[in-house]
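The values are calculated or read from the model by the stated rules, or taken from the named source; none is laboratory data. None of these values were measured; they are calculated from a predicted model. Cβ placement follows ideal geometry from the backbone for every residue including glycine, while neighbour counts extend to all protein chains displayed. These accessible areas exclude ligands, DNA and RNA; they are computed on the full protein's heavy atoms, side chains included. Shrake-Rupley method; radii C 1.70, N 1.55, O 1.52, S 1.80 Å.
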Amino acid sequence: MQTLHCFYRLYIRDPNEVLSFDVYVCVVQKGYQETDSVISTVTTKVKGFAYTNTSDMDPRMWDVADYVIPPQGDSSFFILTNLVVTPEQTQSHCPELPNPSTVCKDDCDCIEGYNDPRRNGIRTGLCENFSTTVKTCEVFSWCPLEVDTRLPKKALLAAAENFTVLIKNSITYPKFNFHGRNILPHVNSSYLAHCEFNRLTDPDCPIFRLKRIISEAEADFQEMAVKGGILGILIDWSCDLDWWAGKCLPKYSFRRLDSQNQDNDVAPGYNFRFAKFYKRADGVEERTLIKAYGIRFEVIVFGTAGKFGIVPAIVNLGAALSFLSLVCKKKKYYIKSKSGDAQNLTVANIFIRCPLLQTGLC
């Protein structure tokens, strides 16, 4: 049910004259309409490639199979922009990374079988040399252990800013049997092969360049790509179906969703780990562990449609007439001056909120 804000402007030339009313109703909300909420489905397809050549990795060409993880998401997609790689890990024994809880002097400091979920493995009960100056408790784990402090200061896949994403969005308002797509009727394959979303020159194109998306969200791609983040692609399908249905078009906006509180920057960005497993010639299982940093794009579709309904129109008109009949019983209005004398009110502007008319008024 909709709450209505009504505006009544009363003109009173003389207390004995009949009041004349200019009643402005449903300025913001249309009380004569039935409404329905959007039902939506979204699919995405990312395109682009990047080349890297660093001291930690061999020269490599990255394509969509490498940097979109997972290949399909639920109204979202993730673009890998930075990573820490720990290659050739095997299940074996190795000293823990130095930490106040792992540094030891002898075996007595290391409890066999102890498992701290914030560390890297199960302790063997031995105190081993981590370096020439530091000894730590040995663990059974995937060794060598990951050192995630070696994150590149510049995003490894900085070229990802030029990747593009095709967003296909289909919606329906079941109450009104209305269906729509963000790929509009005039869009064909030839157009899609060359278009790119631009709010001023090409607002109908469903293909977006990642750098433009993040720029419109008032963020910097290269800064965001180092430690990752979450960005919302908002598609608004709010429509007035009393007008031509062809006017019901999607409206795009973009917003960064992860916290940007400068006073509390603990655990910033967005990251997760995954591994690629191999079998060596000697039968030993081996893996490459990847801590992936990147940008997760959430496609958020929302909207409400309204259309004329005879029932709400009659109900609200009847309520309006009943309310106005009470107002019109008084023909004289007086206002007291500061001295307490009564003066005739020549013009009064009265704003009234109608809490009883919860469905609106028209």
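For the reader, a short list of remarks on this structure follows.
- On the beta carbon distance between K105 and I300, with R0 = 35 Å, the FRET formula returns roughly 0.05.
- Evaluated at q = 0.16, 0.18, 0.21 Å⁻¹, the base-10 log of the normalised Debye intensity for region 129-200, with identical point scatterers placed on the Cα atoms, takes the values -0.85, -0.97, -1.09.
- The count of lysine pairs in region 150-241 that are at least 8 places apart or cross chains, and whose C-alpha atoms lie under 20 Å apart, stands at 6.
- Of the solvent-accessible surface of region 108-207, computed with a 1.4 Å probe over protein heavy atoms with every protein chain present, carbon and sulfur atoms account for 53 percent.
- Derived scalar couplings ³J(HN,Hα) [region 270-280; Karplus, 6.51 cos²θ - 1.76 cosθ + 1.60; whole Hz; x for Gly, Pro]: 8, 7, 7, 10, 8, 9, 10, 9, 9, 10, 6
- Heavy-atom accessible area ranking, 1.4 Å probe, most first, across M57, M224: M57, M224
- Rounded, prolate or oblate (a/c below 1.5 giving rounded, otherwise prolate when a/b exceeds b/c) for region 25-170 by Cα gyration tensor: prolate
- For D220, the accessible area of its heavy atoms, probed at 1.4 Å with every protein chain present, is near 80 square angstrom.
- For region 174-294: accessible area per residue (Å², 1.4 Å): 60 Å²
- Taking trypsin sites (Lys or Arg not before Pro) across region 173-258, the ones in a DSSP loop with at most 11 further Cβ atoms lying within 10 angstrom of their Cβ are R199.
- When the square roots of the Cα gyration tensor eigenvalues are ordered a ≥ b ≥ c, the ratio a/c for region 144-238 is 1.5 or more and a/b exceeds b/c, which makes its shape prolate.
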